[in-house]
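First comes the structure, then the notes that go with it.
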Amino acid sequence: ADGTTKEQIKVPISYGPSEKFLRRISESSSITDDTKVAITLPRLGFELTSMDYDGQRKRNTMSQRTLHVDTGVTSVSFDYAEVPYNFSFRLSAFVRHMDDGLQIVEQILPYFTPEFNVTINMNSLHSKIDMPVILQSTAITEDYEGDFDARRNLQFDFDFVAKSYVYGPVKSSKIIKQVDATIWNSDFTGSGDGLS
């Protein structure tokens, strides 16, 4: 309330479906028969939900990108045009208290208006590629089922789309140093519509 940070908590994140985390929250795991341990909250989980081809961003398939290392090199590296794909994934935040969930939300939402650009290095030919990550939707799920002793499940879901590319293999080819060309010249002259 006074604008100062009272405590900072690092929230662990791991890959997996939300059902897996909900089951671990509702059931206490055990190392031995005497020791029962519940999952620590808050916790983040994410999963890839779909990969969709994006034809609107497609370039000519035969377009090439070539890498010249230096003048003394005898070959060049190249690849063909990338294939655009939209990768959809979901980030879920599992919390015990609504205040914890809202604090996680306020750490995520301000960066997406509605997209956040991530610069990544794909390969030696495609370095510093900007990949927009777009926040599609946010949802809150609150589970009230069970008696008063049961733990209430609070889940915040964030659906994202990453507009990325899939790249083919990098190939190498020798540099063209000599070209043989045959040029055909006609010896006849034309007059009118016919040939003479």
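The values are calculated or read from the model by the stated rules, or taken from the named source; none is laboratory data. The structure presented is a predicted model; accordingly, all values stated were derived computationally and were not measured. Cβ: placed from backbone, ideal geometry, glycine included. Neighbour counts: every protein chain shown. Note: areas computed on protein heavy atoms with side chains; ligands, DNA, RNA excluded. Shrake-Rupley method; radii C 1.70, N 1.55, O 1.52, S 1.80 Å.
Structural remarks
- Single residue of Thr113, Thr182, Thr138 found to be in a loop (DSSP other than H, G, I, E, B), within 30 Å of Leu41 (Cβ to Cβ) and either modelled with pLDDT of 80 or more or within 35 Å of the chain's Cα centre (by Cα) (or both): Thr113
- Checking every residue in the range 89-112 against the condition of being more than 19 Å from Asp159 (Cβ to Cβ) and touching a residue at least 60 places away in the same chain (Cβ under 8 Å) gives zero matches.
- For the range 78-103, filtered to residues that are acidic (Asp, Glu) and crowded, with 19+ Cβ neighbours inside 10 Å, the residue that is farthest from Glu47 (Cα to Cα) is Asp79.
- Top-ranked residue in the range 155-179 [being more than 29 Å from Val118 (Cα to Cα) and modelled with pLDDT of 80 or more; ranked as least open to solvent (accessible area, probe 1.4 Å)]: Val179
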